[in-house]
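The values are calculated or read from the model by the stated rules, or taken from the named source; none is laboratory data. The shown structure was predicted, so the numbers you read here are calculated from the model rather than taken from an experiment. Cβ coordinates were reconstructed from backbone atoms using ideal geometry, including for glycine residues, and neighbour counts include every protein chain displayed. Only protein heavy atoms, including side chains, enter the accessible area calculation; ligands, DNA and RNA are left aside. Shrake-Rupley method; radii C 1.70, N 1.55, O 1.52, S 1.80 Å.
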Amino acid sequence: MRPIDVQPLIADPHGTYAALREAAPVHRVPGSDGNPAWLVTRYEDVRRALADPRLSLDKRNAKPGNYAGFSLPPALEANLLNMDPPDHTRVRRLVVKAFTPGRVEKLRAPVRRLADALLDAIEPSGTADLLTAYAGPLPITVMCDLLGVPQDDRPDFRAWTDALITPDPARPEQTRDAVGHMIRFFTGLLAAKRAEPADDLLSDLVAVRDDEPGTDGDRLTEDELTSLAFLLLFAGYENTVHLIANSVLALLDHPEQLHTLRKNPDGLTAAVEELNRWDGPATLAIRRFPLEDIEIGGTTVPAGETVLLSLISANRDPHRFPQAHHLDLQRSPSGHLALGHGIHYCLGAPLGRMETEIALAALLERFDHLELAVPRDQLKWRPTIRARGLISLPVRWSTPSRTGF
């Protein structure tokens, strides 16, 4: 099996994955660091692998010389994306105790107020980069509020996360600087929560870390606590930013679907699921490492080598979703893998869904007519195989409506 070029996966991911699915279920590819990995493209193989306990997320099970993702220091590395049971089970259980559905639901009204305020700010101009003015600020503000990051102490997480997800090979110091900033920030923030606890998620996690362990010995280490704070803020907003922007672009590209949604705003919840299936921001699941030689799609992957599971390819597999390349907001896309599957299913899925639904509702209610402000072929995507997100989304709008979609 010959290695394939990853550049087409960046330039035309859906078209490239369609060809790869048709050719074979598993392909040998170079990771973003040039080291080899096995890429899985078909729905049934991806879904089965996501829940296979023989596929480890722990980097200690990786064979040297294989792709292992970007490296972080221990203070940020000890998070759920690098853990297997029983540590994963223990830490996730502790996080769920603080990250309750009730706390997420209480955010619904504040999220809508925030969306309206962001639209108030840009409405008079008639045009804006929707990514930087709306899709970006909304999730980061929500997540900072949930975690309890003080209003006057919210650094530029966007620059930090960009330095990690799309590093500039010519400037490796940017990634090192971003990691250093994150460690210093979270160390100081957690110290502040210890000194003055508040009604927020980080204060709850600090309490979990500092309280006496329960009967099962449940307790967070200091590195686990810091890593969780990093993960919740890093992953808790990044994907939502791009889901909102990708969804807006998908609707603009499919005016008949946008018209249907405007006529039936009650269908927005289901529409968000289809939009996530059709062009979700998470292109690949977190890399995995077989604990033993394992067969995937008829290919034997040796123990310790890297497995990349393509979520966006699985979600366009026509054997699972009829006319999978068509956006259909009337579809019932149950079973899509945009948020994962199994024990590593996205912890923040309810929050991300709610934010996207409210962001789209507020936008469509505000403006009767919304369109791209630049030719479609001028839009640029982030140059990475790990995520599917625009660099900018310039739009313009006409006279606002207050009567509905």
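If you project the alpha carbons of region 173-284 onto their three principal axes, what span does each projection cover, largest first, in Å?
Ordered largest first, region 173-284 gives principal extents of 56, 42, 27 Å.
Going 7 Å from the Cα of ALA303 in the Cα-to-Cβ direction, what parts of region 45-62 have a backbone nitrogen less than 19 Å from that spot?
Correct set: 52-62.
Which ³J(HN,Hα) values in Hz, rounded to whole numbers, follow from the phi angles of region 186-199 under the Karplus curve 6.51 cos²θ - 1.76 cosθ + 1.60, where θ = phi - 60° and Gly and Pro get x?
These are the phi-based 3J(HN,Hα) values: 5, 4, x, 5, 5, 5, 5, 5, 5, 6, 9, x, 9, 8 Hz.
How long is the gain from ALA198 to GLN378 if the chain were fully straight, where each residue apart is worth 0.36 nm and the alpha carbon distance is subtracted?
Here the answer is 60.2 nm.
What's the extension gain from ASN61 to ALA24 if we count 0.36 nm per residue and subtract their Cα-Cα distance?
Between ASN61 and ALA24, full extension yields an extra 10.7 nm.
Hey, if you drop one equal point scatterer on each alpha-carbon of region 100-150 and run the Debye formula without solvent, what base-10 log of I(q)/I(0) do you get at q = 0.20, 0.28 Å⁻¹?
Summing over Cα pairs of region 100-150 leads to -0.72, -1.09.
Report in % the part of the accessible area of region 133-179 that belongs to carbon and sulfur, leaving out ligands and nucleic acids; probe 1.4 Å.
Using a 1.4 Å probe with all protein chains present, region 133-179 comes out at 51 percent carbon and sulfur.
Computed from the mean reciprocal separation of all distinct C-alpha pairs, what Kirkwood hydrodynamic radius does region 45-196 have, in Å?
Computed over Cα pairs of region 45-196, the Kirkwood hydrodynamic radius comes out at 18.8 Å.
Viscosity 1.306 mPa s, temperature 10 °C: what is the translational diffusion coefficient of region 77-123 from Stokes-Einstein with a Kirkwood Rh over Cα pairs, rounded to a whole number of µm²/s?
Estimated via Stokes-Einstein, D reaches 120 µm²/s.
If R0 is 30 Å, what FRET efficiency do you get for THR89 and ASP33 from their C-beta distance, rounded to 0.05?
On the way: r = 30 Å, r/R0 = 0.99.
About 0.50, to the nearest 0.05.
So, for region 250-405, what is the accessible surface per residue at a probe of 1.4 Å, expressed in square angstrom?
About 40 Å² of surface per residue is accessible.
Over the Cα atoms, compute the radius of gyration (one decimal) and Dmax (the largest Cα-Cα distance, rounded to a whole number) for region 108-181, in Å.
15.0, 44
Can I get the semi-axes of the chain's equivalent ellipsoid? Compute them from the C-alpha gyration tensor as square roots of 5 times the eigenvalues, in angstrom, largest first.
Value: 32, 29, 20 Å, ordered largest first.
Applying a 10 Å radius around every beta-carbon, put 248-255, 377-384, 280-287, 322-329 in order of their mean neighbour count, most first.
280-287, 248-255, 322-329, 377-384
List, in order, the whole-Hz ³J(HN,Hα) value for each residue of region 323-340 obtained from phi through the Karplus relation with A = 6.51, B = -1.76, C = 1.60 and θ = phi - 60°; use x for Gly and Pro.
Going residue by residue, I get 6, 4, 7, 9, 7, 9, 6, 8, 5, 9, x, 4, x, 5, 10, 4, 10, x Hz, with x marking Gly and Pro.
Quick one: grab Rg to one decimal and Dmax as a whole number for region 249-299, Cα atoms only, in Å.
For region 249-299, the Cα-based Rg and Dmax read 17.9, 53 Å.
Under the 0.36 nm per residue contour assumption, what length would be gained going from the current alpha-carbon distance of ARG262 and TYR345 to full extension? Mind dumping the intermediate values first?
Working: separation 83, 0.36 × 83 = 29.88 nm, distance 3.09 nm.
Between ARG262 and TYR345, full extension yields 26.8 nm more.
How large a share of the accessible area of region 4-109, in percent, is made up of carbon and sulfur atoms when the probe is 1.4 Å and the other protein chains stay in place?
Ligands and nucleic acids excluded, carbon and sulfur reach 58 percent.
Using only the Cα atoms of region 270-313, what semi-axes does the equivalent ellipsoid have when each is the square root of 5 times a gyration tensor eigenvalue? Give whole Å, largest first.
29, 10, 7
In Å², and per residue, what accessible area does region 145-195 have when probed at 1.4 Å with the other protein chains present?
53
Let me check I have the definition right: for region 1-128, take the eigenvalues of the Cα gyration tensor, multiply each by 5, take square roots. What are those semi-axes in whole Å, largest first?
35, 26, 16
Over the Cα atoms, compute the radius of gyration (one decimal) and Dmax (the largest Cα-Cα distance, rounded to a whole number) for region 32-102, in Å.
Radius of gyration, then largest Cα-Cα span, for region 32-102: 14.7, 45 Å.
So what is the 222 nm mean residue ellipticity for the chain from helices alone, if each DSSP H run of at least 4 adds -39500 (n - 2.57) and you divide by all residues, rounding to the nearest 500 deg cm²/dmol?
Computed mean residue ellipticity for the chain: -14500 deg cm²/dmol.
Given the protein chains as shown and a 1.4 Å probe, how many square angstrom of GLU22 are accessible, to the nearest 10?
Using a 1.4 Å probe on the heavy atoms, I get roughly 150 Å².
Given Cβ point charges of +1 (Lys, Arg) and -1 (Asp, Glu) and nothing else, what value in debye, to the nearest 20, does the dipole of region 285-405 about its Cα centre take?
Dipole of region 285-405, to the nearest 20 debye: 400 debye.
Leaving out ligands, DNA and RNA, what percent of the accessible area of region 221-324 is carbon and sulfur, probe 1.4 Å?
53
Give or take rounding to whole Å, what are the principal axis extents of the alpha carbon atoms in region 251-405, in descending order?
Computed over the Cα atoms, the extents are 61, 32, 29 Å.
Using C-alpha positions alone, give me the convex hull volume of region 131-222 per residue in cubic angstrom.
Output value, Cα hull per residue: 131 Å³.
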